[in-house]
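Following: one structure in structure tokens, then a few remarks.
What follows draws every value from the coordinates through simple rules; no lab data is involved. Please read all numbers here as calculations on a predicted model, not as lab measurements. Positions of Cβ are generated from backbone atoms using ideal geometry, with glycine treated the same way; all protein chains shown enter the neighbour counts.
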Amino acid sequence: MRPSCKAQIAVTDFFIALFILGILLSFIILAWNTQERRFNEKLEYENMIVTAFQVTDVLVKTEGYPIGWNISNVRVIGLAGIDRIISGDKLALFDNITYDSLRSKLGLLPYHFELVMERLDGTPVYYKGSAFTGDKSVNIKRIVLFDGQEAVVRFNLWR
């Protein structure tokens, strides 16, 4: 009797099906990982935006807590004497706090920041922070009054 070739064809079909299944699974896993990475990057970016908005709101809209805060008792740092009117005294106190301490008190520890205030004509008024060295950043601008003139507070946050 002659052996049947059907068994050889079935095994060949099985290996072809396994090969195609492997390619499909690899494609699905690659697409899943790509989408997950994009989602996480977008989530981190949106978290940075929310954090930057919250920090700038507290800085330019509040007096801080306690109201007459100083370097030793500050719980919430606020630079305003009145909403969006920056106090020169509070700005001087803010300048005396170390960068790492500011990051901690502002709740920015995974991030770095740069706070720049300049007149509307571009004249620099104040700078605190560190220069950009990251790969992801957000930039928030607020219009305030400082020394009776309008100024722009720019807050850069990055990782």
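Tabulated data for the structure shown
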{"read-out": "Search result, residues across the range 110-159 that are hydrophobic (A, V, I, L, M, F, W, C), closer than 20 Å to I49 by Cβ and free of Cβ contacts under 8 Å to residues at least 40 places away in the same chain", "value": "F132, V152"}
{"read-out": "Filter result (under 18 Å from I140 (Cβ atoms) and among the basic types (K, R)) within the range 43-90", "value": "K61, R84"}
